[in-house]
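Notes follow once the structure below has been shown.
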Amino acid sequence: MHTDFERCVRAVQAKDSRFDGWFFTAVLTTRIYCRPGCPVVPPKPENMTFYPSAAAAQQAGFRACKRCRPDASPGSPQWNERADLVARAMRLIADGVVDREGVPGLAARLGYSTRQIERQLLAELGAGPLALARAQRAQTARLLIETSGLPMAEVAFAAGFSSIRTFNDTVREVFALTPSDLRSRARPDQQAAGSLSLRLPYRAPLCPDNLFGHLAATGVPGVEEWRDGAYRRTLRLPRGHGVVSLRPAADHIACRLSLTDWRDLSLAISRCRWLLDLDADPVAVDELLRRDALLAPYVDKAPGRRVPRTVDGAEFAVRVVLGQQVSTAAARTLARRLVEAHGEPVADPEAGNGGGLTRLFPSPEALAALDPAALAMPGTRRATLTGLVAALAAGEVDLGVGADWDRARERLAALPGIGPWSVEAVAMRALGDPDAFLPTDLGVRHAARALGLPATPGALVRHSAAWRPWRAYAVQYLWATGDHPINFLPSNGS
């Protein structure tokens, strides 16, 4: 979008926050870059230029606006809508792959040369993978400086910087303030040791009912819980583990993180945003779905429905197999038994206040090493589960955020016992494909009959062509026609 000068100018002059994260406005006279929704008086059009990423603006010598904080914009929805090389690379960079494995590691995961990845990212985003990762480190550093009391040396290494000097130079260059100046301006609130509270922005509108209702209704005891108006769960992270609490608010998601290693902070935030689908463009989704006269009343009633995703694709795939042909309650019971028997124990920071998180969900490697006879489930499903975890542990099936959607579907479908419903459920909630569709799902078929949509899966697929590329969101509106607990925000006590 940044190449359409007139459209960008109109968005800036209207202070249209819907476009935050789509592009960045750089002001030639002040050398400051902003988000489109910046509340200050817009500059003259002749003084504007536009960049596709914060990293590109920083590389061109512009510093972040202190008022609108463009570095904290929601991510561009393009990276969740697309499955091409650039989109996959952006999802992996947000997941911290460049910081942990370098550009060669990114290239290895994508199956392309480093030169080709550099070339395509520069062409579309105006910055290479190192610059994009650096911009992300700067944002993480600012977050820690302003919201925690960690010593600056710990902030530097937690944000991913290799040295204090690089940390200091980057903060001064990006924000035109020293780290100490940033902290003195922010005056961070006192927070419990080992925890951090922050706000996760999103594009309005957002309907929390099905999003948090689904996560709470299908939550695995010990790994997930709904308590005091917040969804809480444990996180398996590269350097340790964590516990997150996510609470819906009027204009943001309140996030509280407790981590055993602060170097996992950026990744934990990225996975929480992915879980709640916070980088979606709900206006574009709802505008298209509203064209279907049968769906329009449900879109108008509760616009902004998101697709509830997962923080771990492999975990979700295992849970899909556990839930095959059983009720939600039975699936939770099976998952709870698996977690209690094979999950790694963790300490809940809120245990003294009634918190009930006790374990991490077992990794594919741990499950692949088990004696199949130890899995208390029917033989057919046991065979399906053991085949799946073996493929996941061996790297034959990639369900990470940077996975190739088509290849993942093909490899899942080739496994015994993994049918079309399971493949599309994983594509929708683990891979994040916005066009994944579940025509054979019982809830979808009930909704189709109630609304007068085609009843057979084949006819429903043909009708759903009008909903593309947002069929995963159409599923959320179809499910909303029922009275299942996934459609309702739980009460504070449940």
| said: So if I place +1 on the C-beta of Lys and Arg and -1 on the C-beta of Asp and Glu, and nothing else carries charge, what would the dipole magnitude of the chain be about its Cα centre? I want it in debye, nearest 20. | reply: 620
| the stretch 78-186, relative contact order in percent, only Cα pairs under 8 angstrom and at least six apart counted | 18
| Size of electric dipole in the stretch 1-154: Cβ of Lys, Arg +1 and of Asp, Glu -1, about Cα centre, debye, nearest 20 | 260
| field | Cα-based Kirkwood hydrodynamic radius, the stretch 5-70, one decimal, Å | value | 11.2
| Under a plain spin-label model, where a point goes 7 Å from the Cα along Cα-to-Cβ, how far apart in nm are K15 and N47? | 1.7
| What is the gain in length, in nm to one decimal, between R247 and L370 on full extension, counting 0.36 nm per residue of separation less the C-alpha to C-alpha distance? | 40.7 nm
| Estimated FRET transfer efficiency (D228, A347; beta-carbon r; R0 22 Å; 0.05) | 0.70
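What is the magnitude of the charge dipole of the stretch 5-70 about its Cα centre, with +1 placed on the Cβ of each Lys and Arg, -1 on the Cβ of each Asp and Glu, and no other charges, expressed in debye to the nearest 20?
240
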| remark: With the label point 7 Å along the Cα-to-beta-carbon line of H484 and a cut-off under 18 Å to each amide N, the hits in the stretch 205-228 are 208-221
| remark: Taking the dipole of the stretch 5-70 about the Cα centre (Lys, Arg +1; Asp, Glu -1; charges at Cβ), the one of P52, I32, F19 that reaches farthest to the positive side is I32
| field | Computed label-point distance, nm, for sites D300 and R172 using a 7 Å Cα→Cβ extension | value | 5.9
| task | Over the alpha-carbon set of the stretch 187-267, divide Rg by the Kirkwood Rh and report the Rg/Rh ratio to two decimals. | result | 0.97
| field | Estimated FRET transfer efficiency (D4, A455; beta-carbon r; R0 51 Å; 0.05) | value | 0.75
| said: Sort D433, D181 by Cβ crowding within 10 Å, fewest neighbours at the top. | reply: D181, D433
| message | At a threshold of 8 angstrom on Cα-Cα distance, excluding pairs fewer than six apart, so keeping six or more, what relative contact order does the stretch 5-70 reach in percent? | response | 36
| message | Once you keep just the Cα pairs under 8 angstrom separated by 6 or more residues, what percentage relative contact order results for the chain? | response | 14
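Bear in mind that the values in this text are calculations on the coordinates, not laboratory data. Model, not experiment: these values are computed from the prediction. As a convention, Cβ positions derive from the backbone with ideal geometry for all residues, glycine included, and neighbour counts pool all protein chains shown.
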